[in-house]
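Worksheet for the structure shown next.
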Amino acid sequence: MRRLIAAMATTMTLAGCSSSTGVLPLGPDTYTVSERYAPILGGVSKAEKVALT
């Protein structure tokens, strides 16, 4: 039971470690995308990869 609780806590913690704005229009033919990842999930390099993909 303790392992289950620990796994659930870890999952909930890691789920909150990334965020995305999605594609947002800035003007005609201009868009922006924002991604953030916690260092434990890959940090800046992972965020850049996800945003460009």
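Here is how the numbers come out for the structure above:
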{"read-out": "Subset of the stretch 1-37 [modelled with pLDDT of 70 or more, in a helix (DSSP H, G or I) and of a type in the set (Val, Ile, Thr)]", "value": "5"}
{"read-out": "Close pairs from the stretch 30-53: first at positive phi, partner assigned to a helix (DSSP H, G or I), Cβ under 9 Å, at least 6 apart", "value": "42/49; 42/50"}
{"read-out": "Conditions (1) at pLDDT below 80; (2) among the polar types (S, T, N, Q); (3) assigned to a helix (DSSP H, G or I); number of the one not met by residue 45", "value": "(1)"}
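The values are calculated or read from the model by the stated rules, or taken from the named source; none is laboratory data. What you see is a predicted model; the values in this text were computed from it and never measured. Reconstructed Cβ throughout: ideal geometry from the backbone, glycine too, with neighbour counts over all protein chains shown.
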